[in-house]
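In what follows, a structure is listed as C-alpha cells, so that the remarks can point back to it.
The values are calculated or read from the model by the stated rules, or taken from the named source; none is laboratory data. These numbers were taken from a predicted model, which means no experiment stands behind them. Please note: Cβ atoms are built from the backbone with ideal geometry, for glycine as well, and neighbour counts cover all protein chains shown. The accessibility values were calculated without ligands, DNA or RNA, using every heavy atom of the protein model including side chains. Shrake-Rupley method; radii C 1.70, N 1.55, O 1.52, S 1.80 Å.
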Amino acid sequence: MRAFTYERPDNVAAAMQAASQPGASFIAGGTNLLDLMKIDVEQPTHLVDISRLPLREVAETADGGLRIGALVSNTDLAADQRVRQRYPMLAMALLNGASGQLRNQATTAGNLLQRTRCPYFYDVAMPCNKRQPGSGCSALAGFNRMHAILGASQACIAVHPSDMAVAMAALHAEIEVQTPAGRSRKMPIAELHRLPGQNPERDTTLAHGELITAVLLPPPPAGRQTYRKVRDRASYAFALVSVAAIVDAGGGKIRDARLALGGVAHKPWVPTDAERELVGASAEASSYEAAARTALREARPHPYNEFKVPLAERLVAHTLGELATGG
C-alpha cells in the first residue's frame with residue numbers, strides 16, 4: 001500500500017477545495033477504489049472522504065421526476081417505493097448488481113464512476129493502455145470473452161461494468177455536477193461516459209476535481225419497462241449482455257421505444273437507430289428482430305466473444321416482444 005493523506009470534510013465547498021490538489025481522489029463507499037488501491041492500479045496521494053456530505057436524499061422534483069443524491073446507497077435506491085413503482089427497470093438493475101453487502105455500501109455516484117473489471121486492467125504485470133497509456137491492450141490478443149463488441153478501439157476493448165448506468169441511460173437521466181470553481185452544471189447521463197478512442201485512461205468527461213452531487217430522473221415514461229441481464233451465474237457476476245428496454249405499444253403499433261445495452265461497450269450503449277426504427281412499427285416479432293439486428297449491426301466481435309452478437313440480438317428481440325405484448 002502506498003502512503004496517502006486523508007480528510008473528511010462535512011460540506012461540499014470544503015470537499016471541492018480538498019479535491020482540487022494534484023493526486024486527490026474522492027472516496028465514498030470505496031467498493032471499487034479501495035480494491036484498486038490495494039493492487040496498485042489506483043495511486044491517489046490524497047483521499048477526500050465525502051461520506052458526511054448531505055447527499056443521501058431521494059426527493060420529488062417539480063416536474064414529477066426524482067432527484068437522487070449522489071450518496072444514496074444502491075440498497076436504499078432499489079428499495080425506494082417511488083423507484084420500484086415508477087422506474088422498475090432501475091430497481092431491477094440495482095438488484096442485479098453485486099451482492100447485498102456491496103449494495104449496502106455502494107453509492108449512486110460511485111456506481112456510475114466505477115472502473116472496468118477487465119482482468120488485464122487489474123493485473124499490473126500485463127500491458128494495459130487504460131492503466132498505463134501507450135503500453136498496449138493485452139485483451140486484443142488475450143482471452144476477451146467478456147469484452148466489448150461495440151464502440152471499442154485498437155487501444156482498448158474493455159466494457160463498463162455498471163448495471164444501474166444502463167437503466168439510467170434508457171430513462172434519459174441527467175447528472176448534477178459541482179465544479180472546483182463552485183459552479184453547478186447538468187449533463188445528460190449519455191454524455192458522462194466516453195468511448196475509449198486513443199485515450200482509454202479517461203473513463204468519463206468529468207474534469208479533475210468535479211463532483212457528481214445528484215442524478216435527476218425525468219417523469220416516468222409511458223409504457224412498460226424492464227431490465228434483463230445475461231450472466232454466467234445467478235449472482236455476483238457482471239453482464240455478458242444486458243438490456244434496459246421501454247416499450248409503449250397499442251393498437252398493434254409501437255408508439256415509443258427506448259433501449260440501452262450493457263456488457264457490450266465502454267459505456268452504456270444506446271442504439272438510437274434501432275429506437276427510431278421501432279417507433280410506428282407493427283407490434284410483431286419481425287419488428288423486434290429487425291430492430292435487434294439494427295442495434296448490433298456495428299458490432300465488431302473478437303475471437304472469444306463472437307457469441308455476444310447473436311446473444312444480444314435474441315435478448316433485445318425477446319425483451320421487446322414481451323413488453324409489447326404485456327409481459
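Summary of values
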quantity	calculated
Test: residue in the range 288-307 that is in a loop (DSSP other than H, G, I, E, B) and among the polar types (S, T, N, Q)	yes
Which listed residue is open to solvent by less than 20 Å² (accessible area, probe 1.4 Å), touching a His at 6+ places or on another chain (Cβ under 9 Å), among the aliphatic types (A, V, I, L, M) and at pLDDT 95 or above, from 19, 70, 24	24
Residue 151 vs. criteria crowded, with 19+ Cβ neighbours inside 10 Å and at positive phi	yes
Residues located in the range 156-186, provided they are open to solvent by 10 Å² or more (accessible area, probe 1.4 Å), of a type in the set (Gly, Ala, Ser) and touching a residue at least 24 places away in the same chain (Cβ under 8 Å)	169, 182, 184
Condition met for residue 13 (of a type in the set (Gly, Ala, Ser), surrounded by 13 or more Cβ atoms within 10 Å (Cβ to Cβ) and in a helix (DSSP H, G or I))	no
Residues located in the range 239-265, provided they are in contact with a Pro (Cβ under 9 Å, 6 or more places away or on another chain), open to solvent by 10 Å² or more (accessible area, probe 1.4 Å) and over 19 Å from residue 192 (Cβ atoms)	248, 256
Looking only at the range 285-305, and only at residues there that are among the charged types (D, E, K, R) and either farther than 30 Å from residue 140 by Cβ or without any contact (Cβ under 8 Å) to a residue 40 or more places away in the chain (or both), the one that is surrounded by the fewest Cβ atoms within 10 Å (Cβ to Cβ)	297
Unmet requirement for residue 108, which otherwise passes all of (1) open to solvent by 70 Å² or more (accessible area, probe 1.4 Å); (2) touching a Gly at 6+ places or on another chain (Cβ under 9 Å)	(1)
Residue in the range 318-327 that is nearest to the chain's Cα centre (by Cα), counting only those that are surrounded by fewer than 21 Cβ atoms within 10 Å (Cβ to Cβ) and in a helix (DSSP H, G or I)	318
Output for the range 28-48, where each listed residue is in a strand (DSSP E or B) and surrounded by fewer than 20 Cβ atoms within 10 Å (Cβ to Cβ)	46
Residues satisfying the stated conditions in the range 187-230, i.e. open to solvent by less than 50 Å² (accessible area, probe 1.4 Å), within 16 Å of the chain's Cα centre (by Cα), over 23 Å from residue 91 (Cα atoms) and charged (D, E, K, R)	194, 203
Tally, over the range 75-102, of residues that are part of a helix (DSSP H, G or I) and open to solvent by less than 40 Å² (accessible area, probe 1.4 Å)	10
The range 212-236, residues that are touching a residue at least 40 places away in the same chain (Cβ under 8 Å), over 24 Å from residue 98 (Cα atoms) and of a type outside the set (Lys, Arg)	218, 219, 220, 221, 223
